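Asker: Have a look at this one.
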Amino acid sequence: KNQVEQSPQSLIILEGKNCTLQCNYTVSPFSNLRWYKQDTGRGPVSLTIMTFSENTKSNGRYTATLDADTKQSSLHITASQLSDSASYICVVSLGSRGSTLGRLYFGRGTQLTVWP
Amino acid sequence: SQTIHQWPATLVQPVGSPLSLECTVEGTSNPNLYWYRQAAGRGLQLLFYSVGIGQISSEVPQNLSASRPQDRQFILSSKKLLLSDSGFYLCALSRTGSYEQYFGPGTRLTVT
């Protein structure tokens, strides 16, 4: 069964600290893995997209890693800011030969709260 | 760059009433369009996607329907709402040949 599991479900950290969010998936065949940030009441915004051949990708203070062998990904946030408080969603795309319209599987997200 | 508009932003409807949510996009042509629902404490669930005018694919059986009357317009409808239809509805687009999906601001629907 194709699934995406995220941990922890919620996380509270102090401003300026680093944190790492985890994503495990069983989606196969794999096409790509995405991390989205979703502020409360808003649509998700893409942070990173990684394909099978990529094992790390950065976007400012966000760094995502991918281990396609163990089917695990992490999102590391450096020097957290209050504005980082949001839900972070891991999304895995099912491989679809010759098409970018692959079926997406969404994790339930990790709710991050950054305290001053 | 593309822009996604969703209307209305919030909606409270009684059970059994009809529904029409609209999504319009700007800044891109012939996009793939998607409707997602996000229930409280749950992940996003794909409801419909469309690769072109009049072409609709349904992911899950339900009392909702979708239509794409124009290239940049995607409409989600229901003839009779259920309590379980409450949630946050998101419209998204992707461009042909790209993995990236862009999400709209969403519509918060509460069925009472």
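The values are calculated or read from the model by the stated rules, or taken from the named source; none is laboratory data. Please read these numbers as outputs of a predicted model, since none were measured by experiment. Here the Cβ is made from the backbone with ideal geometry for all residues, glycine too, and neighbour counts use every protein chain on show. When the accessible area is computed, the model is the full protein with side chains, heavy atoms only, and any ligands, DNA or RNA have been set aside. Shrake-Rupley method; radii C 1.70, N 1.55, O 1.52, S 1.80 Å.
Asker: If B:Tyr99 satisfies all but one of (1) within 13 Å of chain A (Cβ to nearest Cβ); (2) more than 26 Å from A:Met50 (Cα to Cα); (3) in contact with a strand residue (DSSP E or B) (Cβ under 6 Å, 6 or more places away or on another chain); (4) open to solvent by 60 Å² or more (accessible area, probe 1.4 Å), what's the number of the condition it fails?
Answerer: (2)
Asker: Check region A:82-92 and report whether any residue there is acidic (Asp, Glu) and touching a Cys at 6+ places or on another chain (Cβ under 9 Å). Steps first, answer last, please.
Answerer: Step one: list which residues in region A:82-92 are acidic (Asp, Glu), which gives A:84.
Going one step further and asking which of them are touching a Cys at 6+ places or on another chain (Cβ under 9 Å), we end up with A:84.
Yes, region A:82-92 has at least one match.
Asker: Can you name the condition, by its number, that B:Cys91 falls short on among (1) at pLDDT 95 or above; (2) away from chain A (no Cβ under 12 Å); (3) within 14 Å of the chain's Cα centre (by Cα)?
Answerer: (2)
Asker: Report yes if A:Ser46 is at pLDDT below 95 and either open to solvent by less than 40 Å² (accessible area, probe 1.4 Å) or among the basic types (Lys, Arg) (or both), otherwise no.
Answerer: Details: at pLDDT below 95: yes; either open to solvent by less than 40 Å² (accessible area, probe 1.4 Å) or among the basic types (Lys, Arg) (or both): yes.
Considered against the rule, which asks whether it is at pLDDT below 95 and either open to solvent by less than 40 Å² (accessible area, probe 1.4 Å) or among the basic types (Lys, Arg) (or both), A:Ser46 comes out as yes.
Asker: Sort out which residues of region B:56-112 are among the acidic types (Asp, Glu) and free of Cβ contacts under 8 Å to residues at least 60 places away in the same chain, and write them in order of number.
Answerer: First pass over region B:56-112, keeping only residues among the acidic types (Asp, Glu): B:59, B:71, B:85, B:100.
Hits for region B:56-112 are B:Glu59, B:Asp71, B:Glu100.
Asker: In the set A:Glu15, A:Glu5, A:Glu54, which member is within 11 Å of A:Val91 (Cα to Cα) and open to solvent by 50 Å² or more (accessible area, probe 1.4 Å)? Before you say what the answer is, go through the steps one by one.
Answerer: Details: A:Glu15 fails: within 11 Å of A:Val91 (Cα to Cα); A:Glu54 fails: within 11 Å of A:Val91 (Cα to Cα).
Answer to the check: A:Glu5.
Asker: Any residue in region A:13-23 that is modelled with pLDDT of 95 or more, among the small types (Gly, Ala, Ser) and out of contact with any Cys (no Cβ under 9 Å at 6 or more places or on another chain)? Can you show your working first?
Answerer: Taking region A:13-23 and keeping what is modelled with pLDDT of 95 or more, we get A:13-23.
Within this subset, residues satisfying the condition of being among the small types (Gly, Ala, Ser) are A:16.
Narrowing further to those that are out of contact with any Cys (no Cβ under 9 Å at 6 or more places or on another chain): A:16.
Yes.
Asker: Please name all residue pairs, on different chains or six or more residues apart, with Cβ atoms under 8 Å, provided the first residue is in region B:1-23 and is within 15 Å of B:Lys80 (Cα to Cα) and the second residue is small (Gly, Ala, Ser) and open to solvent by less than 60 Å² (accessible area, probe 1.4 Å).
Answerer: Partner pairs satisfying both residue conditions: B:Pro18/B:Ser77; B:Pro18/B:Ser78; B:Leu19/B:Ser77; B:Leu19/B:Ser78; B:Ser20/B:Ser77; B:Leu21/B:Ser77.
Asker: Hey, another quick one. Being assigned to a loop (DSSP other than H, G, I, E, B), open to solvent by 10 Å² or more (accessible area, probe 1.4 Å), under 27 Å from B:Leu33 (Cβ atoms) and without any contact (Cβ under 8 Å) to a residue 60 or more places away in the chain narrows it down to one of A:Thr70, A:Thr40, so name that one.
Answerer: Working: A:Thr70 fails: under 27 Å from B:Leu33 (Cβ atoms).
Result: A:Thr40 is the single residue among A:Thr70, A:Thr40 that is assigned to a loop (DSSP other than H, G, I, E, B), open to solvent by 10 Å² or more (accessible area, probe 1.4 Å), under 27 Å from B:Leu33 (Cβ atoms) and without any contact (Cβ under 8 Å) to a residue 60 or more places away in the chain.
Asker: Quick check: anything in region B:13-34 over 23 Å from A:Val4 (Cα atoms), touching a Phe, Trp or Tyr at 6+ places or on another chain (Cβ under 9 Å) and open to solvent by 30 Å² or more (accessible area, probe 1.4 Å)?
Answerer: So far as region B:13-34 goes, yes, one or more of its residues are over 23 Å from A:Val4 (Cα atoms), touching a Phe, Trp or Tyr at 6+ places or on another chain (Cβ under 9 Å) and open to solvent by 30 Å² or more (accessible area, probe 1.4 Å).
Asker: Is it the case that some residue within region A:92-107 is closer than 21 Å to A:Gln9 by Cβ and in a loop (DSSP other than H, G, I, E, B)? Don't jump to the end; show me each part of the working.
Answerer: Just the residues of region A:92-107 that are closer than 21 Å to A:Gln9 by Cβ, to begin with: A:92, A:104-107.
In the following step, the residues that additionally are in a loop (DSSP other than H, G, I, E, B) were identified as A:107.
The answer is yes; a qualifying residue exists.
Asker: Of the residues in region B:41-58, how many are farther than 15 Å from B:Ile75 by Cβ, outside any strand (DSSP E or B) and open to solvent by 60 Å² or more (accessible area, probe 1.4 Å)?
Answerer: 2
Asker: Another one. Considering only region B:1-10, how many residues are of a type outside the set (S, T, N, Q), in a strand (DSSP E or B) and open to solvent by 40 Å² or more (accessible area, probe 1.4 Å)?
Answerer: So the answer is 2.
Asker: Something else now. Return the residues of region B:39-59 that are at the interface with another protein chain (Cβ under 9 Å from one of its Cβ atoms) and at negative phi; say none if nothing qualifies.
Answerer: Filtering region B:39-59 for residues at the interface with another protein chain (Cβ under 9 Å from one of its Cβ atoms) gives B:41-46, B:49, B:51, B:59.
Across region B:39-59, the qualifying residues are B:Arg42, B:Gly43, B:Leu44, B:Gln45, B:Leu46, B:Tyr49, B:Val51, B:Glu59.
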